[in-house]
């Protein structure tokens with residue numbers, strides 16, 4: 001039987017599927033995977049991954065660095081809710097670093113060739129999905145890195161609650177959780193969070209997951225294609241967590257240039273200081 005961190009249930013191998021902890025479309029890699037509940041992952045996991053991949057800012061990064069998913073198609077950003085700012089005529093605008101900006105008129109079924117045209121567009125930038133996604137990654141990466149220590153010593157029930165609910169949902173439900181969170185648009189200037197943001201930027205355009213134990217807690221931060229997505233700091237008993245070698249001060253995992261780079265948090269800090 002296999003423990004699925006997304007459902008907290010034991011499942012048979014027949015009911016499991018391989019889950020990319022960071023989706024391929026967001027800079028993940030074959031090998032950075034765990035088996036999870038097949039049905040749950042196709043329903044909830046794919047929904048979160050897809051929502052973040054289609055976020056306008058993330059989609060621009062995917063296009064700029066040509067980060068492809070299972071389909072192997074080059075990601076191109078299309079904004080369907082666009083219009084000529086002067087006339088209000090509907091347009092579809094495509095952003096592509098390789099092909100440039102293109103405007104398609106759905107009425108005339110042709111591209112509009114008018115350099116300098118003023119546009120108005122509505123784009124999707126989610127302020128809720130980041131924490132749910134980070135909580136999901138914390139569950140899978142935590143189990144990937146620490147195994148039974150994570151399963152038995154971390155309050156992963158709170159991570160599941162955050163994965164399945166937006167911060168607004170949790171507030172509406174008056175959910176009582178002890179996990180601390182920080183989102184990608186947060187203005188929190190704590191030194192530790194500044195370091196997490198710098199580490200995410202330092203590996204650009206790669207993605208990164210960092211797991212940092214501290215007394216009574218396990219912090220997990222996630223960066224996607226060089227951009228900090230957020231952090232969760234969940235209650236945990238970390239006394240028996242490994243703390244030597246590649247686990248010194250914590251563990252950092254980075255799918256980079258076709259390899260899965262795994263180093264200690266101490267080594268990541270040393271490299272960051274050296275690069276600065």
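Exactly one residue out of 53, 59 is within 30 Å of residue 160 (Cβ to Cβ), in contact with a helix residue (DSSP H, G or I) (Cβ under 6 Å, 6 or more places away or on another chain) and touching a residue at least 12 places away in the same chain (Cβ under 8 Å), and it is 53. Going by the structure shown, is residue 48 out of contact with any helix residue (DSSP H, G or I) (no Cβ under 7 Å at 6 or more places or on another chain) and outside the structural domain of residue 253 (by TED's automatic domain parsing)? When the stated conditions are applied, residue 48 does not pass them. In segment 128-142, of all residues being under 13 Å from the mean Cα position of the chain (by Cα) and either over 24 Å from residue 56 (Cβ atoms) or without any contact (Cβ under 8 Å) to a residue 60 or more places away in the chain (or both), the one that is surrounded by the fewest Cβ atoms within 10 Å (Cβ to Cβ) corresponds to 128.
If you filter segment 204-249 down to residues that are free of Cβ contacts under 8 Å to residues at least 40 places away in the same chain and in contact with a helix residue (DSSP H, G or I) (Cβ under 6 Å, 6 or more places away or on another chain), you find that the one that is farthest from residue 269 (Cα to Cα) is 223.
Here the helices (runs of 4 or more DSSP H) wholly within segment 121-203 that include at least 2 residues being modelled with pLDDT of 95 or more are 129-146, 148-153, 156-164, 191-202. Could you figure out which of (1) surrounded by fewer than 15 Cβ atoms within 10 Å (Cβ to Cβ); (2) touching a residue at least 24 places away in the same chain (Cβ under 8 Å) isn't true of residue 147? Condition (2) is where residue 147 drops out.
Can you confirm whether residue 22 is touching a helix residue (DSSP H, G or I) at 6+ places or on another chain (Cβ under 8 Å) and not in a helix (DSSP H, G or I)? Here the answer is yes, as residue 22 does meet what is asked.
Of all the numbered requirements in (1) surrounded by fewer than 15 Cβ atoms within 10 Å (Cβ to Cβ); (2) within 25 Å of residue 246 (Cα to Cα), residue 203 misses one, and that requirement is (1).
The values are calculated or read from the model by the stated rules, or taken from the named source; none is laboratory data. Everything quoted here is computed from the prediction, not taken from an experiment. Glycine also receives a Cβ, built like all others from the backbone with ideal geometry; neighbour counts cover every protein chain displayed.
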